[in-house]
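Participant: Quick one: this structure, given as C-alpha cells, is what I'll be asking you about.
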Amino acid sequence: MTLTVVRSLSDVRAPSSIEELADLEQELIDQFLLAGVGAGLGDKSLAADRSALFEFIRFTGRPVWTAEECDADRFLAYLRRERQQARSTVYGKANCIARFYDFLIARYQGEIHARTGYVLSQPIDEFNKPTHAEYGVGRVPPSEQEVIALFDAWRHQLPSARKYLSAARNYMAASLWRRAGLRINETVMLDIRDWRPDLGEFGKLHIRHGKGSQGRGPKARLVPGIDQVDALMDWWLAEVRPQFGPDYADPDAPMFPSERRACDGQRARVGANALRTALAHEVERWLPDWAGRLTPHGLRHFCASSLYGRGLDLKAIQDLLGHEWLSTTTRYIHVCDEHIELAWTSANARVAARLGQEIG
C-alpha cells in the first residue's frame with residue numbers, strides 16, 4: 001500500500017468552497033494513516049483503517065468534524081443488525097473510528113475549529129463502544145479423544161482420497177494447527193526454507209508472517225517441531241511435497257502449494273479458504289457433533305489447552321503461539337473438568353511430603 005504525499009494543514013488558509021472542504025477531509029485521513037506508518041502499522045491494518053473510516057463517512061453523509069455520538073450509535077447498530085457483521089469486525093471498526101478522532105482532537109482540534117467553525121467531539125464513548133470481541137465468546141475446543149479420533153480417521157483415509165496430494169496437504173496444514181498452534185495465515189505463508197531441522201533437538205519452523213500486536217506488521221518467531229511436528233515435516237518434505245512438482249528443491253517455493261500453477265509455471269500458494277473448507281469438510285465427515293463449530297483457530301486453542309494439560313508452562317505456550325501478552329495466552333487455555341481436583345491433590349501431596357521430611 002502506498003500513501004500520497006500530504007501537505008501541512010497549517011499551511012493552508014480557511015477553505016471557502018465545498019471542494020476545499022473535501023480536500024481538508026482527505027488530508028486529515030491521510031495524516032492519520034501517515035501517523036500509522038510512523039507507528040509501524042502494516043499495510044493490511046492501514047488499508048482496513050482507511051476502509052472503515054470511509055465507510056463511516058459515507059454512512060453519516062457529512063464531513064468528519066460534524067460527527068456526533070448519535071452518528072456512531074446508528075453506524076454500529078447498522079453494522080450489527082443490517083450487515084450482521086461479526087463481533088470482532090464491529091469492534092475493530094469502532095476502535096479505528098475512536099483512534100481517528102483521538103488523533104484529530106490531539107493534533108488538529110484548533111485548526112479544524114478555525115477553518116470550519118466546528119468543535120470536534122469523540123463519537124465513540126463509554127456507552128456505545130463495543131466490548132472486546134472475545135469477551136463472552138466461548139471457544140472451548142473438542143476433547144483430546146475427539147481430536148485424536150478426527151485426525152486418525154482423516155489420516156487413514158488419505159491413501160484412498162480422490163485427490164491424494166490435496167488431501168495430504170490439508171491434513172498436514174491442520175496438523176500444524178493442532179500440534180504447534182500455528183495461525184492459518186502463518187501456515188499459508190510458509191516456504192520450504194522455513195523448516196530448519198538443524199535448529200534445536202526437534203528442528204524449528206521459522207514463522208516469518210506472525211501476527212504483530214495492534215496491526216504492527218509481521219512478527220517473526222521460531223516454533224520448535226515438538227509433539228511429532230518434526231516427524232510430520234519429514235514425511236511431508238520427503239514423500240508428498242516432491243509430487244507437486246520440481247519446485248520442491250527451491251527453498252523459496254511455497255511449503256503448501258495449490259493445485260493450480262502461477263503465471264511462471266510454478267505452483268501457486270494454497271489459499272486460506274481452501275484449507276479452512278477442507279477442515280470443515282473433514283470435521284463434518286468424522287466429527288459431526290462439531291460440524292460448523294471447529295475452525296483452524298479452534299485447533300489453535302486445542303493446542304494450547306493440550307500442551308498445558310501435559311505440563312507445559314504458560315510462558316512456553318505464550319512463546320509457541322506468538323502472543324504479546326501472557327493474559328492473551330490464558331484465554332486459550334481450557335482445562336479439563338478434573339484440573340482443580342488434580343491440582344488440589346498434587347498440592348496436598350507436596351505438603352504431606354514436606355511435613356514428613358520435617359518430622360523425620
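The values are calculated or read from the model by the stated rules, or taken from the named source; none is laboratory data. Please read these numbers as outputs of a predicted model, since none were measured by experiment. Cβ sites come from the backbone with ideal geometry, for glycine too, and all protein chains shown count toward neighbours.
Participant: Within region 193-242, track down each residue that is in contact with a Lys or Arg (Cβ under 9 Å, 6 or more places away or on another chain), among the hydrophobic types (A, V, I, L, M, F, W, C) and buried (at least 17 other Cβ atoms within 10 Å of the Cβ).
Facilitator: Scanning region 193-242 gives 195, 205, 207, 223, 226, 229, 232, 236, 240.
Participant: Residue pairs, Cβ under 9 Å, 6 or more apart or interchain, first in region 117-135 and at pLDDT 90 or above, second assigned to a loop (DSSP other than H, G, I, E, B) and surrounded by fewer than 12 Cβ atoms within 10 Å (Cβ to Cβ). List them.
Facilitator: Pairs found: 121/68; 123/68.
Participant: Being assigned to a helix (DSSP H, G or I), among the hydrophobic types (A, V, I, L, M, F, W, C) and touching a helix residue (DSSP H, G or I) at 6+ places or on another chain (Cβ under 6 Å) is the filter here; which residues of region 223-243 pass it?
Facilitator: Residues satisfying the conditions are 229, 232, 236, 240.
Participant: Oh, and also: Inside region 287-311, can you point out the residues that are more than 15 Å from residue 141 (Cβ to Cβ) and either of a type in the set (Val, Ile, Thr) or at pLDDT below 90 (or both)?
Facilitator: Listed by number, the list holds a single entry, 311.
Participant: So for region 67-81 (the condition being touching a helix residue (DSSP H, G or I) at 6+ places or on another chain (Cβ under 9 Å), surrounded by 13 or more Cβ atoms within 10 Å (Cβ to Cβ), without any contact (Cβ under 8 Å) to a residue 12 or more places away in the chain and in the same structural domain as residue 18 (by TED's automatic domain parsing)), does at least one residue qualify?
Facilitator: Checking region 67-81: at least one residue is touching a helix residue (DSSP H, G or I) at 6+ places or on another chain (Cβ under 9 Å), surrounded by 13 or more Cβ atoms within 10 Å (Cβ to Cβ), without any contact (Cβ under 8 Å) to a residue 12 or more places away in the chain and in the same structural domain as residue 18 (by TED's automatic domain parsing).
Participant: Could you figure out which of (1) within 23 Å of residue 239 (Cβ to Cβ); (2) in contact (Cβ under 8 Å) with a residue 12 or more places away in the chain isn't true of residue 156?
Facilitator: All conditions are met except number (2).
Participant: Filter region 95-117 down to residues that are over 19 Å from residue 34 (Cβ atoms) and in contact with a Pro (Cβ under 8 Å, 6 or more places away or on another chain) and give me whichever is surrounded by the most Cβ atoms within 10 Å (Cβ to Cβ).
Facilitator: Once the filter is applied, the top-ranked residue is 115.
Participant: Mind telling me which of the residues 37, 90 ends up being at pLDDT below 95, surrounded by fewer than 17 Cβ atoms within 10 Å (Cβ to Cβ) and of a type in the set (A, V, I, L, M)?
Facilitator: 37
Participant: Taking region 247-304 only, how many residues are of a type in the set (A, V, I, L, M, F, W, C), in a loop (DSSP other than H, G, I, E, B) and surrounded by fewer than 18 Cβ atoms within 10 Å (Cβ to Cβ)?
Facilitator: Residues that pass the stated criteria total 3.
Participant: Hey, can you tell me all the residues within region 43-59 that are in contact (Cβ under 8 Å) with a residue 40 or more places away in the chain and of a type in the set (S, T, N, Q)?
Facilitator: Within region 43-59, just 45 meets the criteria.
Participant: Right, next: Take the residues in region 43-86 that are part of a loop (DSSP other than H, G, I, E, B) and over 27 Å from residue 113 (Cβ atoms), then tell me which one is modelled with the lowest pLDDT.
Facilitator: Among them, the one singled out is 86.
For every residue, the table says whether it meets (1) more than 18 Å from residue 166 (Cβ to Cβ); (2) modelled with pLDDT of 95 or more.
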residue	(1), (2)
195	yes, yes
203	yes, yes
206	yes, yes
210	yes, no
220	yes, no
224	yes, yes
237	no, yes
241	no, yes
245	no, no
